[in-house]
Amino acid sequence: MAQTGNARIDEGKDSMKQQFLALSLGVGAMILATGHAFGQQRNCADRARVIERLATAYGESRQSIGLGANNSVIEVFASTDTGTWTITVTTPEGLTCLVASGQAFETLTEDLKPAKGSPT
């Protein structure tokens, strides 16, 4: 019976090692994800500098604009020649951050119609 007790202890140690390893990997992944999120904050600069960069490097100009939460300005920049596009958010203090970007931009002239059964 002493061997059975020792075997159980060894199994418990192995299980604990596996749990510790899984926990360590999980914490490591969270740290990497947090670092990546903070790294994305570097995509912010003075508005004039961002707009100049979008125009000179990508040929993008403002296509639309709207007012977001906390009086932030949301803008869509795009190049009709290359199809690249960028969405920016500018704070009231003038800091502009890149939120999203992509390719295959198209200008639509269609009217959006409400879905059947939805209030007009």
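The values are calculated or read from the model by the stated rules, or taken from the named source; none is laboratory data. Quantities reported herein were computed from a predicted structural model and do not represent experimental measurements. Note that each Cβ is placed from the backbone with ideal geometry, even for glycine, and that neighbours are counted across all protein chains shown.
Brief remarks follow.
- Inter-residue pairs, beta-carbon under 7 Å, first within 17 Å of Glu93 (Cα to Cα) and in region 44-71, second of a type in the set (Phe, Trp, Tyr), 6+ apart: none
- Restricting region 83-107 to residues that are surrounded by fewer than 13 Cβ atoms within 10 Å (Cβ to Cβ) and not acidic (Asp, Glu) leaves a set whose member that is modelled with the lowest pLDDT is Thr107.
- In region 55-110, the qualifying residues are those that are among the aromatic types (Phe, Trp, Tyr) and over 18 Å from Cys44 (Cβ atoms), and the one that is farthest from the chain's Cα centre (by Cα) is Phe105.
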